[in-house]
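Scroll down for the structure; my scribbles are underneath it.
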Amino acid sequence: MLPIDLTGKRAFVAGVADDKGYGWAIVRALVRAGASICVGTWPPVLRIFTKSLERGKLDVALPGGGEIGLEKIYPLDAAFDTQADVPEDVRTDKRYVELTAYTIQEVADRLRADFGEPCLDIIVHSLANGPEVQRALIDTSRSGYLAAVSASAYSMVSLLQRFGPLTRPGGALVSLSYLAAERVIPGYGGGMSSAKAALESDTRTLAFEAGRRWGLRVNTISAGPLASRAAKAIGTIDKMVDYYRLNAALPEANTADEVGIVAAFLCSPLASGITGETLHVDKGYHVMGMQAEPRLAPE
Ligand code: NAD
């Protein structure tokens with residue numbers, strides 16, 4: 001038996017606010033493998049997340065028994081590197097005003113203060129935001145495009161820049177990408193396809209740079225569609241899931257847990273030879289060159 005063993009490792013998972021998305025599934029897989037987990041949650045949804053957790057409204061059950069327990073929840077707005085970047089209207093927003101630290105640098109400083117340095121083995125980037133995602137790229141404003149790339153792609157660079165020094169030898173970062181980085185996905189607009197293309201390209205460059213600097217591996221998972229809260233903003237996510245179910249090489253929808261387990265594998269010593277990789281976890285949809293259903297599927 002070759003188990004994914006992350007006993008004694010600490011992960012920071014950025015982009016968890018409910019139990020419906022890929023971030024939560026990655027948390028579940030990492031906990032199953034024995035890691036302790038800190039999460040970073042976007043301030044606008046922090047309260048609802050912590051209340052849901054306290055009131056037992058989230059699916060914390062682990063297969064085979066036991067429950068997901070989080071070591072610590074940090075507020076994190078990955079669109080900001082330091083307090084100097086935070087505009088006045090955000091700083092004084094009621095969801096931010098009582099928080100003392102939520103920029104990427106401040107969260108790195110809090111981790112260092114809470115656990116010492118080095119204190120991290122795994123960094124997960126599972127967040128994206130494109131305010132104009134429903135607009136075709138050709139109709140996207142400059143500010144919408146830059147906001148998508150800032151929150152969804154540069155955030156990974158900044159996270160690695162600031163959390164990398166906290167990592168222990170053998171560390172790994174994994175992020176979540178989507179096929180729109182490499183193929184046309186109508187409806188995935190607002191510069192989000194550009195952000196995912198940047199994320200995948202940066203995965204390669206950062207794999208080299210972080211590999212040389214900290215011995216840290218950097219990979220991304222190109223995941224199939226999932227009806228998460230963020231994906232619902234696209235407006236067509238249920239159709240996308242159905243389309244994949246009909247047309248992927250394996251004619252079924254991928255589950256969040258399938259992605260979570262691959263993330264745990266990529267962050268484990270079993271994947272010590274893999275870095276700079278974009279790994280598709282989409283039931284083989286990405287290899288298709290033509291619609292399979294309704295008439296062309298094999299008999
Ligand atoms: P999700 O809603 O579970 O996760 C997205 C998270 O990003 C949310 O928790 C949200 O609060 C957070 N977020 C948004 N802006 C932020 C900011 N500025 N700072 C910090 N956090 C912020 O949805 P998901 O679909 O599981 O998304 C996770 C990742 O998976 C994203 O990178 C997404 O693009 C990617 N992905 C999703 C799909 C899909 O179909 N759902 C497919 C491929 C890739």
**OP:** Report, to the nearest whole %, how much of the accessible area of region 10-284 belongs to carbon and sulfur atoms, 1.4 Å probe, protein only.
**Re:** 54 percent
**OP:** Please label the shape of region 222-269 as rounded, prolate or oblate, based on the square roots a ≥ b ≥ c of the eigenvalues of the alpha-carbon gyration tensor (a/c under 1.5 means rounded; beyond that, a/b larger than b/c means prolate, else oblate).
**Re:** oblate
**OP:** Take the chain, drop everything but the C-alpha atoms, weight them equally and run the Debye formula without solvent; then report log10 I(q)/I(0) at 0.10, 0.11, 0.12, 0.15 Å⁻¹ to two decimals.
**Re:** -0.52, -0.64, -0.77, -1.23
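Mind checking the full-extension length gain between S201 and L62? Use 0.36 nm per residue of separation minus the Cα-Cα distance, one decimal, nm.
46.6 nm
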**OP:** Sort Y285, Y145 by accessible area with a 1.4 Å probe, largest first.
**Re:** Y145, Y285
Original post:
Listed highest first by mean packing, meaning other Cβ atoms within 10 Å per residue, what order do 199-209, 55-65 come in?
Top reply: 199-209, 55-65
Original post:
At a probe radius of 1.4 Å, what is the per-residue accessible area of M240, in Å² to the nearest 10?
Top reply: 20 Å²
Original post:
Using a basic spin-label model with each label point 7 Å from the Cα along Cα→Cβ, how many nm lie between D109 and S143?
Top reply: 2.9 nm
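Counting heavy atoms of the protein chains only and a 1.4 Å probe, report the per residue accessible area for region 1-147 as a whole number of Å².
Value returned for region 1-147: 50 Å² of accessible area per residue.
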**OP:** Beyond 26 Å, what share of the Cα-Cα pairs of region 15-154 is found? Please give it as a whole percent.
**Re:** 30 percent
Original post:
Taking only DSSP H segments of four or more residues, each worth -39500 (n - 2.57), what value at 222 nm results for the chain once the sum is divided by all its residues, to the nearest 500 deg cm²/dmol?
Top reply: -10500 deg cm²/dmol
Original post:
For the chain, what proportion of DSSP beta bridges, expressed in % and rounded to the nearest 5, is antiparallel?
Top reply: 5 percent
**OP:** Pull up all non-local amide H partners of S222: gap of 5 or more, or a different chain, and H-to-H distance under 5 Å with H placed in the peptide plane.
**Re:** S177, L279, H280, V281
Subject >> Packing rank of 154-162, 128-136, where each peptide gets the mean count of other beta carbons within 10 Å, highest leading >> reply: 154-162, 128-136
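Given a Förster distance of 25 Å, report the FRET efficiency between R55 and V97 from their Cβ-Cβ distance, rounded to the nearest 0.05. If you can, show how the numbers build up before the last one.
Numbers: r = 24 Å, r/R0 = 0.98.
The formula returns an efficiency of 0.55 here.
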**OP:** Extending each Cα 7 Å along its Cβ direction at E117 and K232, get the distance between those two points in nm, one decimal.
**Re:** 4.1 nm
Original post:
Across region 10-284, how many lysine pairs separated by 8 or more positions, or lying on different chains, have Cα atoms within less than 29 Å?
Top reply: 24
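The values are calculated or read from the model by the stated rules, or taken from the named source; none is laboratory data. The structure displayed is predicted, hence computed values, not measured ones. Positions of Cβ are backbone-derived with ideal geometry, glycine not excepted, and every protein chain shown enters the neighbour counts. Just so you know, the surface numbers come from the protein's heavy atoms only, side chains and all, with ligands and any DNA or RNA stripped out. Shrake-Rupley method; radii C 1.70, N 1.55, O 1.52, S 1.80 Å.
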